[in-house]
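See structure below.
The values are calculated or read from the model by the stated rules, or taken from the named source; none is laboratory data. Keep in mind the model is a prediction, meaning the values are calculated, not measured. Note that we place each Cβ from the backbone using ideal geometry, even for glycine, and neighbour counts take in every protein chain shown.
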Amino acid sequence: MGIPDKATLERVYGEDAERAARRLEALAASYAERFGAGDPEFFTAPGRTEIIGNHTDHNGGKILAASITMDSIGAAQRTDDGIVTIWSEGYPDPIVVDTAAIDKIAHGGGSTTLVAGMLESALKRGFKVGGFNAVASSEVIPSAGVSSSASFEMLVCEIVNHLYNDDAIEVADHARMGQYAENVWWDKASGLMDQMACAAGGTILLDFSDGVNYEKVDFGFDELGCDLVIVNTGKGHADLSEEYSSVPNEMHAVAAELGVTNLCETTEDAVLSNLASLRAACGDRAVLRALHYFEECARVEDAEAAIMAGEKDRVLDVITASGRSSWEWLQNAVVPGMPEEQPIPMALALTQLYLARVGAGVCRLHGGGFAGVIMCVIPKELTQGYVDYMIGYFGADNVYLTNIRQVGAACLGKA
């Protein structure tokens, strides 16, 4: 069983194409082990980085995001029995969903539920679904703010898109299918940013004020002479759903007090004009989170203006301001009531000390927050020193050199 050709892998993975080939060869062997001889096609879906726009998507806000070089990969072949079977590396049991009996699967957590939810969403949106055998593997850090779940979701959506819909499912529908699975089947209050960034590829400007609108923008850290380093603080946010959901819920509470559904339907001036009543009804933290929302959307616009003006280095200053607002106003750097565990502030403090010594680079909390990862954008000539420094505190398995990749969820084809 072969793998996609070198030219295809170089287009997607660039200098990492040789290592990608080895990963796909291992995946092909896994497929043969699980399903016997076959002729599967290969698929990829990246993780994502949120550059600016922390916790704005669920209230109709704006985000500058990008796909990253960490990805999930899959090998899949269509079957005629209507049964979806997915073996995922590291898990003892397969995901099995009968597409003729999706309603028999219980809602709740777990990958089977997630797949069932996406298949149901596809059907509700008028797309075709059917059986397939697949194996999957991922390098996207789980429970760490780089969207391992969304990467897996977009991988499955791309398999369904290619095998049953002639590649006709748009990026926004990919994202909505993943969100539906999380919102309806997982009961998780997630937005659309994670799925959109994983599906689209490259750097994208997202606007959720009227549905899902996005455009690709010409921006990458490479052109600034910088690398993107992700540091996993060692504490995942998998068990922090209540804290994560409190952010959109509190923003929605402020919006409701102002007579609207989402904050995008009102203004920062309206919040300030009604500050006393909002503090009494919703609490100070909710109001601060609402103010973060408006200022964060403005920062996305500032970053867009800098990019369009050819002043891309200004984006680094906006990243710093965005990270400070997440820590101070949005307050998703620590878990309330757990002062003894503050891995995000610790990683940020250590990074800030290092960047101050070398006189360059920026950092911020990354993703949903409370735990997980931070990001650091640092000049390439200083990258290895920073990586070594952070390895000393968090270990070699928790410091990742990555960057923005231009290809989103995609079929890589066959041998």
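Scanning the stretch 17-46 for residues that are touching a Leu at 6+ places or on another chain (Cβ under 9 Å) and among the charged types (D, E, K, R) gives 18, 41. Contact map, the stretch 259-285: first residue among the basic types (Lys, Arg), second residue in a helix (DSSP H, G or I) and modelled with pLDDT of 95 or more, Cβ cut-off under 8 Å, separation 6 or more or different chains; pairs are 279/287; 285/250.
Residues of the stretch 256-294 being within 21 Å of residue 206 (Cα to Cα) and surrounded by 14 or more Cβ atoms within 10 Å (Cβ to Cβ), which ones?
Initially, the stretch 256-294 is screened for residues within 21 Å of residue 206 (Cα to Cα), giving 261-268, 289-294.
Passing the criteria: 262, 263, 264, 265, 266, 268, 289, 290, 291, 292, 293, 294.
In the set (1) acidic (Asp, Glu); (2) under 23 Å from residue 52 (Cβ atoms); (3) free of Cβ contacts under 8 Å to residues at least 60 places away in the same chain, residue 223 fails one condition alone, (3). So for the stretch 25-43 (the condition being buried (at least 24 other Cβ atoms within 10 Å of the Cβ), basic (Lys, Arg) and either more than 14 Å from the chain's Cα centre (by Cα) or under 30 Å from residue 370 (Cα atoms) (or both)), does at least one residue qualify? No, that holds for no residue. Annotation note: Cβ proximity below 9 Å between a residue of the stretch 21-42 that is under 19 Å from residue 72 (Cβ atoms) and in contact (Cβ under 8 Å) with a residue 40 or more places away in the chain and a residue that is of a type in the set (Phe, Trp, Tyr) and in a helix (DSSP H, G or I) (sequence gap 6+ or interchain) occurs for 40/31.
When residues in the stretch 139-175 are screened for being surrounded by fewer than 20 Cβ atoms within 10 Å (Cβ to Cβ) and small (Gly, Ala, Ser), 3 of them pass. For the stretch 60-78, does any single residue satisfy the condition of being touching a residue at least 60 places away in the same chain (Cβ under 8 Å) and not in a strand (DSSP E or B)? For the stretch 60-78, residues touching a residue at least 60 places away in the same chain (Cβ under 8 Å) and not in a strand (DSSP E or B): present. For the residues 301, 311, the requirement of being surrounded by fewer than 18 Cβ atoms within 10 Å (Cβ to Cβ), touching a strand residue (DSSP E or B) at 6+ places or on another chain (Cβ under 8 Å) and closer than 21 Å to residue 218 by Cα singles out 301.
Residues are listed down the side, and each one gets a yes or a no for (1) in contact with a helix residue (DSSP H, G or I) (Cβ under 8 Å, 6 or more places away or on another chain); (2) of a type in the set (Asp, Glu):
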{"position": "208", "(1), (2)": "yes, no"}
{"position": "214", "(1), (2)": "yes, no"}
{"position": "239", "(1), (2)": "no, yes"}
{"position": "259", "(1), (2)": "no, no"}
{"position": "267", "(1), (2)": "yes, no"}
{"position": "275", "(1), (2)": "yes, no"}
{"position": "278", "(1), (2)": "yes, no"}
{"position": "293", "(1), (2)": "yes, no"}
{"position": "296", "(1), (2)": "yes, yes"}
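Among the residues of the stretch 314-342, the one identified as surrounded by 18 or more Cβ atoms within 10 Å (Cβ to Cβ), in contact (Cβ under 8 Å) with a residue 60 or more places away in the chain and farther than 29 Å from residue 204 by Cβ is 335.
Name the one entry in 353, 382, 412, 365 that is free of Cβ contacts under 8 Å to residues at least 40 places away in the same chain and either within 30 Å of residue 153 (Cβ to Cβ) or surrounded by 15 or more Cβ atoms within 10 Å (Cβ to Cβ) (or both). First the steps, then the outcome.
Working: 353 fails: either within 30 Å of residue 153 (Cβ to Cβ) or surrounded by 15 or more Cβ atoms within 10 Å (Cβ to Cβ) (or both); 412 fails: free of Cβ contacts under 8 Å to residues at least 40 places away in the same chain; 365 fails: free of Cβ contacts under 8 Å to residues at least 40 places away in the same chain.
Just one listed residue meets the conditions, 382.
Quick check on my filter: what residues within the stretch 362-415 are outside any strand (DSSP E or B), among the small types (Gly, Ala, Ser) and under 23 Å from the mean Cα position of the chain (by Cα)? Passing the criteria: 367, 368, 369, 371, 372, 396, 408, 409. In the condition set (1) of a type outside the set (Lys, Arg); (2) closer than 26 Å to residue 64 by Cα; (3) surrounded by fewer than 19 Cβ atoms within 10 Å (Cβ to Cβ), residue 388 is compliant with all but (2).
Just to be sure, is residue 127 surrounded by 16 or more Cβ atoms within 10 Å (Cβ to Cβ) and touching an Asp or Glu at 6+ places or on another chain (Cβ under 9 Å)?
Values: surrounded by 16 or more Cβ atoms within 10 Å (Cβ to Cβ): yes; touching an Asp or Glu at 6+ places or on another chain (Cβ under 9 Å): yes.
Yes: the conditions hold for residue 127.
For residue 322, the criteria (1) at positive phi; (2) in a helix (DSSP H, G or I) hold in every case but one, which is (1).
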